[in-house]
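These notes concern the structure reproduced below.
The values are calculated or read from the model by the stated rules, or taken from the named source; none is laboratory data. These numbers come from a predicted model, not from an experiment. FYI the Cβ positions are ideal-geometry reconstructions off the backbone, even for glycines, and counts take in every protein chain you see.
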Amino acid sequence: MRAFSTPEVWPQLGPFEQRLLRKLWRQGSATVRELLADGEFHQAYTTVMTTVDRLYKKGLLDRVAEGKAFRYTPCHAFEELQRVTALDSIRQLLGSGDTSALALSYLVEAVSDHDAQLLDDLQSLVERKRRELGDKGKNREQL
Amino acid sequence: MFALREIAVSLSCFVLLYCLLSALAEIAWRPVQPLHVAQQSVATILFALRVLPLVVSVIVTFALVVPSFQLLEPRAIGDGMGAIPLALGVCALLWIACGCSRVIAMQTRTSRVATRWLEGARPFSANADPTVTFQSHRETPPLTLVGVCHPRVLVSESTVALLSHNELRIALRHELEHVKSHDNLKKLIFRCCPFPGMVKLESAWAESAELAADDAAISNQCDAVDLAAALVKLSRLVPVEVLPVCAMDFAAGSLSRRVARLLAWDEASKARRVRIRTWFVIPPVVAVSLLVTIAYGPVLTLTHDVTEWLVR
């Protein structure tokens, strides 16, 4: 896996490109035929081939010849992609001229929303566990 | 000059040994966390690894370096001090001064904050020790332990209003477990032995200390669920201010991890986890001490050879 030297060059990826890349991260490496084998993608062979070729040209995949086809391998770790994408987005947000304070407030708001969502999820987990314990207690009493 | 050389050489050996051991501790702590042992033991091991460089350096300096210099170094008047021991000695003195100032600054700040928070507070007893538990009327964190010599658990009014009786009882028990473990004192000790890159080890210890207090506070599944509920509720409260280092916040550490552990708690998993007792370290310490005592003469000679190499 290579490390990113300049995060600014991280290319924008389309939804299908992202799905293909995610699958390659899961599998480690694959040919186009192997990518299509489990039926996860319903696109034509040539569409997948064109897309992985585009990812290769963007510097996101390595490839080695295997018979008449190519075997593709991701160049970068998934965590590295996440880190670079997040950093790039934050840089773009904060570097947007006079409105950086406003952008920062959006960021704080988004983080707060995320925290609130997390707390809601945890609260519902606690309540579910409480109900389970209550049901168990009742069952024991009935027995 | 002899005394000055002795001090410089001793300080040099101390600082070199401390740096070496600290660098080793930074590598050694990482495999500790995945061990299948009780969190109390993980916290103890991490604390030991953090303070071991300082303890070992002090022992080696006073038990070996100073006596070897006193007994084996010829008292020649013309001998100079040498640039390396002088530079290392100055580094050691700066390090000691830095450690002391950090401790004093932190202790002063903690005392000031604790005094402010405790103004008008009254003893609070919800099945907790009222001599250490106080309900504050001022703007304070929801539930926190503050202070080193006389640690106090502070409960805010909003916490009392928000938590049910059982949730509050178990949350207070969690904080009292920090009192029993002297966690604030441990935090203060960390301040007196600074070393670059130790922040990660200290964070890992803090996380383990929270999990250990969680484990010690609960004794059944209902307790675990109550503690998880209290954690989630208090995490919703906006923090008043950044806590001083000598304080343990109830909702510290990874919230998701703590809640997940508490909800998955069962008696069997608790029993399966191995508890490493403190007395386990006594046999190796006694063995090493005996070995050093038996071979004290050769060890002193070896130490002196090393210090000679340093002086040159």
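Scanning segment B:84-103 for residues that are of a type outside the set (A, V, I, L, M, F, W, C) and surrounded by 13 or more Cβ atoms within 10 Å (Cβ to Cβ) gives B:PRO85, B:GLY89, B:GLY99, B:ARG102.
Pairs are defined by a Cβ separation below 6 Å, a sequence spacing of at least 6 or placement on different chains, a first member in segment B:70-91 that is over 14 Å from B:GLU6 (Cβ atoms), and a second member that is at pLDDT 80 or above and not small (Gly, Ala, Ser); the pairs so defined are B:CYS91/B:VAL15.
For segment B:163-194, a residue qualifies if it is surrounded by fewer than 17 Cβ atoms within 10 Å (Cβ to Cβ) and either in contact with a Ser or Thr (Cβ under 9 Å, 6 or more places away or on another chain) or within 20 Å of B:LEU211 (Cα to Cα) (or both), and the qualifying residues are B:LYS180, B:HIS182, B:LEU185.
Selection of segment B:189-210 for residues being within 16 Å of B:SER256 (Cα to Cα) and either within 14 Å of another protein chain (Cβ to nearest Cβ) or not hydrophobic (A, V, I, L, M, F, W, C) (or both) yields B:GLU207, B:SER208, B:GLU210.
When B:LEU302, B:LEU263 are checked against the criterion of being within 29 Å of the chain's Cα centre (by Cα), modelled with pLDDT of 80 or more and not β-branched (Val, Ile, Thr), B:LEU263 stands alone in meeting it.
Within segment A:37-52, the set of residues being surrounded by 15 or more Cβ atoms within 10 Å (Cβ to Cβ) and at pLDDT below 90 comprises A:PHE41, A:GLN43.
Put simply, of A:VAL126, A:VAL108 the only residue that is at the interface with chain B (Cβ under 9 Å from one of its Cβ atoms) and either modelled with pLDDT under 80 or surrounded by 10 or more Cβ atoms within 10 Å (Cβ to Cβ) (or both) is A:VAL126.
Among residues of segment B:211-228 being within 11 Å of chain A (Cβ to nearest Cβ) and either touching a Cys at 6+ places or on another chain (Cβ under 9 Å) or of a type outside the set (D, E, K, R) (or both), the one that is farthest from A:GLN123 (Cα to Cα) is B:ASN220.
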